[in-house]
C-alpha cells in the first residue's frame with residue numbers, strides 16, 4: 001500500500017486526535033467531568049476511610065463531623081469574626097508588601113545600579129525562615145496586631161520584590177526603544193511603556209504571592225493571638241479537636257481559592273487583549 | 001549637507017580580554033531623502049551601526065551627525081522600526097499609532113490646529129498603511145505583516161526626517177514581504193524621509209535602495225558601496241532584469257567572500273573522505 005504523509009492509519013477512523021494525545025483537546029463538558037472527579041474522589045475516599053470502624057475519630061473525623069463542627073463554630077464560636085480578623089491580617093500584610101515591593105521591583109528591573117545594590121541582599125534575606133523572625137518581631141514590633149501583619153509581610157515581601165523585578169525585566173527591549181525613538185523621556189518610558197507592559201505579569205505575581213501570604217497565617221497567629229482561623233487551628237490542636245483543625249485548614253484553602261479567582265477575574269477585566277478568543 | 005554623516009566611527013564592546021571591535025573606521029554620508037540599505041554577513045555590525053545612528057548605542061570613536069547635529073541618544077527626529085515585539089499589546093491599533101501624542105515631546109508647543117492636524121495625520125497614515133479595517137484591533141489580533149504596518153505608521157506619526165529600519169520584514173513570509181516593499185517605497189516617495197534599512201535579504205536590499213552598503217565582519221567595516229542601476233520608480237518586474245540579477249549575484253558572492261566561512265566546501269570534502277574510508 002502506498003503511504004503518503006498525513007494518511008498514516010490511526011486507531012480512530014475519524015483521524016481526530018483523542019484527549020490522550022499529547023496536548024490533545026478536551027471539550028468543556030469533559031473538562032468539568034474530570035474536574036469534578038478530581039474534587040469528589042478525595043472526598044469519597046476521605047468518607048470511606050473515616051467511616052471504617054478501625055479509624056478513631058480523633059485521628060480522622062468524617063466529612064459530616066467536620067460539617068457539624070463548622071456549624072457549631074459559626075453558631076457558638078464567632079466563626080465570622082475569626083475569618084474577618086484573619087482576612088484582615090493577611091490582606092494588610094500582603095498589601096503592605098505589595099505597596100513597597102512594586103516601586104522597588106520597578107526600580108530593580110529598570111536600573112542596573114539599583115539591581116546591584118538590592119537584588120543580592122533580597123536574595124539572601126528571602127532564604128531566612130519567616131518563622132524564625134517571630135522572636136525578633138515580638139521584640140521590635142510587640143505583640144499587637146502589627147506583629148501578625150509583620151510576619152506575613154516578612155513571608156511575602158522578599159519573594160515579591162524579586163518576582164516583580166523579573167516581571168519588569170521581561171518587558172521587550174524593542175518596546176522601550178521604540179518609545180525612545182519617538183522622543184519619550186526616561187520617566188515616560190518607565191511610566192507609559194515599562195509599567196504598562198509589565199502590569200499583567202505584576203498582577204499574576206500578586207495573585208501567586210497572595211497564596212503564599214495565606215500560608216503564613218498560622219505562623220503569624222502563633223504570636224499572642226486570641227482570634228483568627230490560624231489561632232483556632234492551634235487552639236484546637238491543644239484540645240485534640242481534630243474536626244476543628246480540618247475546618248480551619250479547609251477554610252483557609254477555600255478563602256485562598258476565592259481570592260485567586262478574584263485575581264483571575266480582575267486580570268480578565270483589566271487586560272482584555274490577553275483574553276481574546278480568536 | 002548630508003542628512004546623516006558618519007565619520008570614522010568605531011565601536012568596541014567589552015573590556016580587556018573580552019574586547020570585541022564591532023565597528024572599525026566607518027565613514028558614510030547619506031543624502032536627504034536617500035534610501036540606503038545595509039547588508040553583510042552576520043557579525044558585520046550593520047544593526048549596531050543603525051542603532052548608533054538611532055542613538056540606542058554609543059560609538060566609542062569618531063562622530064555621527066544627524067541633521068548636522070552630533071547624535072547623543074535617541075530622539076524623535078530618528079524614528080526606528082524593529083523586527084518585532086515593538087508594538088504595545090495593551091493599546092489598540094489607533095492608540096499605538098498615536099502613541100507619540102502622549103509624550104511630552106509630542107504635546108509641547110501645540111496649538112489646537114496642530115492637534116487637529118495630528119488627528120488627521122493619524123487617519124491618513126491608517127489609510128496609507130491599509131489599516132482601516134483594523135483600527136480597533138489589538139496587535140495580537142493582527143498578522144505579522146499587519147503588525148509591521150502599524151509599527152511603520154507609528155514611527156511616521158511624528159514626521160521623523162530620518163527613518164531607521166532594522167530587518168523590519170525579516171519575520172514575514174515572501175509574499176507579504178513583496179507587498180511591504182512596494183508599500184515602503186510608496187511611503188518613501190510620499191513622506192520623503194531619509195531611510196536607512198538593515199536587511200539580510202540581498203534582493204530586498206537592491207529592490208528598495210538607491211545605494212546598497214555591503215559590510216564585512218571582524219572587525220565590522222564597510223566593504224563596498226553599490227549604487228543601484230535601476231530607475232527611481234521600482235516595479236516587481238525589475239527583479240528579473242539582467243542588471244538586477246547581475247548585481248544580486250555580485251553582492252551575494254562578495255558576502256560569501258567576506259563572511260570568512262570559506263571552509264564550507266573544504267569541510268564537506270573532508271567529511272566525504274572520512275565516509276569513504
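No lab work stands behind these numbers, since they all come straight from the coordinates. Quick caveat, the model's predicted, so the values are computed rather than measured. Here the Cβ is made from the backbone with ideal geometry for all residues, glycine too, and neighbour counts use every protein chain on show.
What's the Cα-based Rg to Rh of region B:1-159, Rh via Kirkwood?
Looking at region B:1-159, the ratio lands at 1.03.
In what order do B:239, B:46, B:192 fall by count of nearby beta-carbon atoms within 10 Å, going from fewest to most?
B:192, B:239, B:46
For chain A, set up a Gaussian network in which alpha carbons nearer than 10 Å are linked by springs, and say which option among A:79, A:48, A:39 fluctuates the most.
With Cα springs under 10 Å in chain A, the top fluctuation among A:79, A:48, A:39 is at A:39.
State log₁₀ I(q)/I(0) for region B:113-202 at q = 0.23 Å⁻¹ as given by the Debye formula over alpha-carbon point scatterers of equal weight, solvent excluded.
One equal scatterer on each Cα of region B:113-202 leads to -1.32.
Could you please rank B:13, B:169, A:133, placing first whichever residue has the fewest other Cβ atoms within 10 Å of its Cβ?
B:13, A:133, B:169
Taking chain B as a Gaussian network, where each spring joins two C-alpha atoms under 10 Å apart, which residue of B:190, B:126, B:91 fluctuates the most?
B:190
Between the helical axis of B:144-157 and the dominant principal axis of chain B, each derived from Cα atoms, what acute angle in degrees is found, rounded to the nearest 10?
60 degrees
Compute the length gained on full extension between residue A:43 and residue A:127: take 0.36 nm times their separation in residues and subtract their Cα-Cα distance, giving the result in nm to one decimal.
Full-extension gain reported as 26.7 nm.
Largest first, please: the extent of the C-alpha atoms of chain B along each principal axis, to the nearest Å.
77, 42, 38
Can you tell me the orientation of helix B:112-128 relative to chain B, as the angle in degrees between its alpha-carbon axis and the longest Cα principal axis, to the nearest 10?
It is inclined by approximately 50 degrees.
Taking every alpha carbon pair in region B:152-277, what does the distance histogram look like in 5 angstrom bins from 0, in percent?
In order of increasing distance, the bins hold 2, 9, 17, 18, 18, 13, 9, 6, 4, 3, 2, 1, 0, 0 percent.
Quick check: residue separation of residue B:114 and residue B:256 times 0.36 nm, minus the Cα distance between them. What number comes out in nm?
46.1 nm
Bin all alpha-carbon pair distances of region B:90-159 at 10 Å intervals from 0 and give each bin's fraction as a whole percent.
Bin by bin from 0 Å, the calculated values are 22, 53, 22, 3.
If I take all pairs of Cα atoms in chain A, what percentage of them are more than 37 Å from each other?
36 percent
Residue B:8 label point, 7 Å along Cα→Cβ, cut-off 11 Å on backbone N: hits in region B:40-57?
In region B:40-57, the label zone of residue B:8 (backbone N under 11 Å from the point 7 Å along Cα→Cβ) covers no residue.
Which value does Rg/Rh take for the protein assembly as shown over its C-alpha atoms, Rh per Kirkwood?
1.10
Volume per residue, Å³, of the convex hull around the alpha-carbon atoms of region A:165-278?
Convex hull of Cα atoms, per residue: 141 Å³.
Could you work out the helix-only [θ] at 222 nm for chain A, with each DSSP H run of four or more residues adding -39,500 (n - 2.57) and the total divided by the number of residues, to the nearest 500 deg cm²/dmol?
-22500 deg cm²/dmol, from helical runs alone.
If I build a Gaussian network model for chain A, linking alpha-carbon pairs within less than 10 angstrom, which residue out of A:54, A:226, A:27 has the largest mean-square fluctuation?
Checking each option, the largest mean-square fluctuation is seen for A:27.
With everything on Cα atoms, drop me the angle between helix B:263-276 and the longest principal axis of chain B, reported from 0 to 90° to the nearest 10.
On a 0 to 90 degree scale, this one is about 50.
Over its Cα atoms, what ratio of radius of gyration to 2.2 N^0.38 Å does region A:9-108 give?
Ratio of Rg to 2.2 N^0.38 Å for region A:9-108: 1.86.
What is the antiparallel percent of DSSP beta bridges lying wholly in the protein assembly as shown, to the nearest 5?
50 percent
Give the order of A:119, B:235 when sorted by the count of other beta carbons within 10 angstrom, beginning with the fewest.
B:235, A:119
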